[in-house]
Amino acid sequence: MNTYQNLKTTIENGICTITINRPDKMNALNRETVQEIGDAVKEANESKEVFSIIITGEGPKAFAAGADIKEFLGLTKEQGMAMAKAGQDVFLNIENSPKPVIAAVNGFALGGGCELAMACHLRIASENAKFGQPEVNLGLIPGYGGTQRLIRYVGRSKALELMMTAEMLNAHKATELGLVNHVVAQESLHAKCVEILNEIKSKSPFAIGAVIRAANAYDETSKGFDEELTEFGKCFASEEIKEGISAFLEKRKPQFHKS
Ligand code: COA
C-alpha cells in the first residue's frame, strides 16, 4: 500500500485495515484525511492481495469525531457545498466497494465519523463507542450523506430526533436501533471484525459483490443527497454557523437565541 499522511494501513491475511491516525484530534476528518481514505479504499479494491477492508481509528477514544471543525471557518456557501460533495463522493465509493467494508468503531463516531461508519457495509462497535450527528450544535447539518443513511438504518422518526437533538447513542442503544451489528469489548474489536470477514471470505466473491450491488440499488435515490448538499452549503451563509464554530473552538455553549 502507498504511504498516507493521516492513515496507517496494513494488509494481513487478505484483510486491509485502514486506521485514521490523528488521535490527538480525535481522528477528526480534515479534507486531506477524507481524500486519503478514498484513495486507500480504491487501492485496496484494486489489490489482488485484499479481499476485504476494515476502517478504524487510532487510539482508545475515537473512531472519528467528525469533520475537522477548524476547516469550516470562513467557508462560503459554494465552498461548503464543494466540501460536502467531496465527502459524499468518497463515502459513496465506500458504500459501492465490491469488497466488504467493516467499520470497527473504537470510540466516538460523531458527525462525519458517524457518516463514515454508516457508509461501510457493517458496523462493529466497542463497548465505549458513541454515535451521533451533533452538527446542529454548530449551526450545520450532516453533509456526507448522514441525513439519508441515518434514516435508512434507524427510520425517519428516530433519525430526525437524533439529528435535531444531537443526542449521542451508546453502542448498545445503537445496536438496538439497527445502526450497529455487534458490540464487543474494545480488545476484541479487531478479532470480531476478522471473524466476520473470514466467514464472508468462505462465500462466493462474485455473489458477495452482487449482494452489495443489489442492496445499494434498493437504497438508490440521489435527490436526498443533492438536497443535503444544498442545505449544507446554505448553512454557511447563515450567521449561526459563526456562533456555533466559535463556541466549539472557545470550548463554550453556543448562543443561537438572542432573548
Ligand atoms: N474537529 C476539529 N477538532 C476536533 C474535533 C473536530 N470535529 N473533535 C475534537 N477535536 C479536537 C479538539 O478541539 C481538541 O483539540 P485541542 O487539544 O487542540 O484543543 C482535541 O481534538 C481533543 O478533543 P476534546 O474536545 O478536548 O476531547 P473531549 O474528550 O473533551 O471531547 C468530543 C471529545 C468528541 C466529545 C469533543 O471533542 C467533540 O464534541 N468534538 C466535536 C464533535 C462534533 O461536533 N462533530 C461534528 C463535526 S461536523
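Read-outs: derived from the displayed coordinates by stated rules, not from any lab. Only a predicted model underlies this, so the values are computations on that prediction, with no experimental measurement involved. Glycine gets a Cβ as well: all are built from the backbone with ideal geometry, and neighbour counts include every protein chain shown.
Brief remarks follow.
- Springs join every pair of Cα atoms under 10 Å in this Gaussian network model of the chain, and among 127, 240, 161 the largest mean-square fluctuation is at 161.
- For region 27-114, the set of GluC sites (Glu not before Pro) satisfying both a DSSP loop assignment and a count of at most 12 other C-beta atoms within 10 Å is given as 49.
- Along its first, second and third principal axes, ordered by size, region 7-187 spans 43, 37, 30 Å in Cα coordinates.
- Rg/Rg_ref, region 27-67, where Rg_ref = 2.2 N^0.38 Å and atoms are Cα: 1.30
- In the chain, the longest principal axis of the Cα atoms and the axis of helix 156-165 are about 50 degrees apart.
- Region 1-100 - Rg and Dmax from Cα coordinates, angstrom: 14.0, 45
- Cross-link reach is defined here as a Cα-Cα straight distance under 15 Å, omitting same-chain residues fewer than 8 places apart; for residue 25 the aspartates and glutamates meeting it are 58, 68, 71.
- Extension gain from residue 239 to residue 152, taking 0.36 nm per residue of separation minus the Cα-Cα distance: 28.2 nm
- Across region 7-187, the relative contact order, built from alpha-carbon pairs under 8 Å that are at least six residues apart, equals 19 percent.
- GNM flexibility winner over the chain from 23, 205, 134 (Cα, springs under 10 Å): 205
- Taking the convex hull of Cα positions in region 160-251, its mean projected area over all directions (nm²): 9.6
- Cα-based reach from residue 70 at 19 Å (exclusive), listing aspartates and glutamates while leaving out same-chain residues under 8 positions away: 24, 32, 36, 78, 115, 135, 239, 240, 243, 250
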